[in-house]
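Enquirer: Take a look at the following structure, please.
The values are calculated or read from the model by the stated rules, or taken from the named source; none is laboratory data. The shown structure was predicted, so the numbers you read here are calculated from the model rather than taken from an experiment. Every residue, glycine as well, gets a Cβ built from its backbone with ideal geometry; the counts of neighbours run over all protein chains shown.
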Amino acid sequence: MASTLTDRLSRLVKTMRGQARITEDNVQDMLREVRMALLEADVALPVVRDFVARVKEKALGAEVVGSLSPGQALVGIVHKELAATMGEGIADINLAAQPPAIILMAGLQGAGKTTTTAKLAKHLIEKRKKKVLTVSADVYRPAAIEQLKTVTAQAGAEWFPSAPDQKPHDIALAAVDHARRHFFDVLLVDTAGRLAIDEALMAEIRDLHATLKPVETLFVVDAMQGQDAINTAKAFKEALPLTGIVLTKLDGDSRGGAALSVRQITGAPIKFAGVSEKIDGLEVFDAERHAGRVLGMGDIVALVEEVQKGVDVEAAQKLAEKLKSGDGFDLNDFLAQISQMKKMGGLSGLMDKLPTQMTAKAGAADMDKAERDMKRMEGILNAMTAKERRQPSLLMDGKSKASRKRRIAAGAGVQIQEVNRLLNQFDQMQGMMKKMKGGGLMKMMKKLGG
Ligand code: GDP
């Protein structure tokens with residue numbers, strides 16, 4: 001991933017430092033970055049335009065409160081708007097209907113409708129303990145009916161037969177009748193898709209909708225469609241009152257911008273995400289958590305809130321710069337680093353908010369140990385004088401190093417060996433910082449964990 005929104009925005013906060021107000025001028029630079037980041041994530045252009053306009057309006061009207069700089073305030077506004085656009089919280093499937101609760105699946109051919117129908121059946125059986133029946137109204141492709149039969153069996157649900165010589169309307173009525181008489185809780189109706197939108201297809205699914213009166217009409221859309229997703233979404237929204245979206249193939253290498261586009265165009269919440277070809281590759285979509293991840297920016301909303309809670313952003317940034325260059329990094333910085341992390345909820349709190357791919361390697365046990373070590377280190381660093389922290393050489397090769405270390409160990413209530421260990425780690429860290437550029441937090445934590 002080239003340049004994430006996070007990178008772009010943090011660069012911007014830096015350039016905006018020292019400016020007192022959000023103005024037409026300085027907001028333009030930021031909006032340009034936001035626009036670029038969203039386009040890179042494959043969000044459709046009209047959606048990007050709308051989003052940027054909303055942010056601009058909110059930013060210009062916003063008061064910059066307390067100790068926030070305009071840059072920080074703007075970042076907060078962008079994140080809030082992004083989260084709101086993606087939807088808030090979890091939009092679960094609605095089954096509140098006289099059984100059977102009917103779920104109509106709509107979408108283009110190849111979007112993943114049939115696969116998703118079976119995945120959803122499995123989800124409803126396992127997570128909601130429902131008795132589920134599936135049926136295919138795709139009378140144009142006998143193979144599609146067979147495919148649904150196969151995947152329904154894999155899901156452990158029941159399949160209602162249909163045939164190419166029947167009318168979709170009749171299939172639907174027969175399936176509902178069967179579901180009622182056999183006490184099914186849910187009936188999932190897979191429909192025909194075409195390779196592109198066409199009027200006959202839309203008329204057919206409108207008719208099916210009127211016949212079935214489904215409690216959920218789910219629009220299944222391929223995340224890899226990127227910019228094209230918007231046209232498909234528009235056509236389906238005009239034809240049907242969509243109640244939810246399933247975004248498939250999020251495991252592919254799309255940047256996931258389709259999520260934002262489709263959500264905004266249809267106004268319907270994203271309820272599920274397809275994350276593999278397998279029958280269990282369906283996840284309940286948690287907009288707040290996924291919004292950031294989808295765009296490769298971590299759970300930045302939460303992170304910004306933490307930042308606003310009391311972490312000194314400027315100090316953190318200065319530190320980050322020092323960390324990058326390795327120049328002049330002293331024990332005060334080491335201490336500052338630890339207290340910043342504590343303010344942000346400790347290492348594990350921080351890790352939760354970063355993109356999963358960065359944190360997957362850190363096990364919970366490692367994390368606990370790292371947190372404990374961090375606390376001890378903080379104690380040792382606090383037992384040093386400010387001068388010692390500024391000039392670590394006093395403790396490493398100064399004449400009085402032995403007596404200094406004895407005093408520090410006594411003050412922190414630890415053995416001298418622990419003081420030595422910390423100084424060793426600091427020494428290694430200083431060396432390492434010169435070598436690493438970005439993405440170094442994990443490496444650093446490994447060292448902290450000893
Ligand atoms: P339909 O024409 O809309 O019914 O689409 P299908 O259900 O036949 O799916 C089309 C292709 O996409 C199949 O090869 C599926 O295995 C694949 N597919 C569906 N959902 C996902 C997903 O979430 N991830 C991946 N990687 N592939 C998927």
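Enquirer: Report, by residue number, each residue of segment 31-57 that is at pLDDT below 85 and in a helix (DSSP H, G or I).
Expert: Scanning segment 31-57 gives Leu31, Arg32, Glu33, Val34, Arg35, Met36, Ala37, Leu38, Leu39, Glu40.
Enquirer: Return the pairs, sorted by first residue and then second, in which the second residue is among the aliphatic types (A, V, I, L, M), the first residue lies in segment 26-54 and is on the phi > 0 side of the Ramachandran plot, the beta carbons are less than 7 Å apart, and the residues are 6+ apart or on different chains.
Expert: Going by the 7 Å Cβ cut-off, the qualifying pairs are Asp42/Ala258.
Enquirer: Mind checking which residues of segment 91-105 are away from the ligand (no atom under 11 Å from the Cβ) and within 32 Å of the chain's Cα centre (by Cα)?
Expert: Residues of segment 91-105 that are away from the ligand (no atom under 11 Å from the Cβ), as a first pass: 91-104.
Correct list: Ala91, Asp92, Ile93, Asn94, Leu95, Ala96, Ala97, Ala101, Ile102, Ile103, Leu104.
Enquirer: Kindly establish whether Ala172 is crowded, with 22+ Cβ neighbours inside 10 Å and part of a helix (DSSP H, G or I).
Expert: So Ala172 fits the description; yes.
Enquirer: Is there any pair linking a residue in segment 88-115 that is over 20 Å from Ala174 (Cβ atoms) to one that is polar (S, T, N, Q) and away from the ligand (no atom under 16 Å from the Cβ), with Cβ under 9 Å and at least six apart or on different chains, and which?
Expert: Between residues of segment 88-115 that are over 20 Å from Ala174 (Cβ atoms) and residues that are polar (S, T, N, Q) and away from the ligand (no atom under 16 Å from the Cβ), the close pairs are Asn94/Thr243.
Enquirer: Give the residue, chosen from Leu422, Leu381, that is at pLDDT 90 or above and under 37 Å from the mean Cα position of the chain (by Cα). It would help to see each step written out before you state the result.
Expert: Working: Leu422 fails: at pLDDT 90 or above.
Answer to the check: Leu381.
Enquirer: Looking at (1) part of a strand (DSSP E or B); (2) surrounded by fewer than 17 Cβ atoms within 10 Å (Cβ to Cβ), which is the only condition Thr134 fails?
Expert: Among (1) part of a strand (DSSP E or B); (2) surrounded by fewer than 17 Cβ atoms within 10 Å (Cβ to Cβ), Thr134 violates only (2).
Enquirer: Within segment 187-202, is even one residue at pLDDT below 95, away from the ligand (no atom under 16 Å from the Cβ) and farther than 24 Å from Pro46 by Cβ?
Expert: yes
Enquirer: Which count do you get for residues in segment 245-285 that are at positive phi and touching a residue at least 60 places away in the same chain (Cβ under 8 Å)?
Expert: 2
Yes/no per residue for (1) within 30 Å of Glu81 (Cα to Cα); (2) at pLDDT 70 or above; (3) buried (at least 17 other Cβ atoms within 10 Å of the Cβ):
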| residue | (1), (2), (3) |
| --- | --- |
| Gln317 | yes, no, no |
| Met341 | yes, no, yes |
| Ser393 | no, yes, no |
| Arg406 | no, yes, no |
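Enquirer: Tell me which residues, restricted to segment 219-255, are more than 15 Å from the ligand (Cβ to nearest atom) and in a strand (DSSP E or B).
Expert: Within segment 219-255, just Gly244 meets the criteria.
Enquirer: While we're on this one: Kindly indicate the residue of segment 137-169 that is β-branched (Val, Ile, Thr) and surrounded by 14 or more Cβ atoms within 10 Å (Cβ to Cβ) and also nearest to the ligand (Cβ to nearest atom) among those meeting that condition.
Expert: Result: Val151.
Enquirer: One residue is enough: does segment 106-121 have a residue meeting the conditions away from the ligand (no atom under 12 Å from the Cβ) and crowded, with 22+ Cβ neighbours inside 10 Å?
Expert: The answer is yes; a qualifying residue exists.
Enquirer: Continuing with this model, one more query. Could you list all residues from segment 94-131 that are of a type in the set (D, E, K, R) and part of a loop (DSSP other than H, G, I, E, B)?
Expert: Taking segment 94-131 as the starting set, the residues that turn out to be of a type in the set (D, E, K, R) are 113, 119, 122, 126-131.
Within segment 94-131, Lys129, Lys130, Lys131 qualify.
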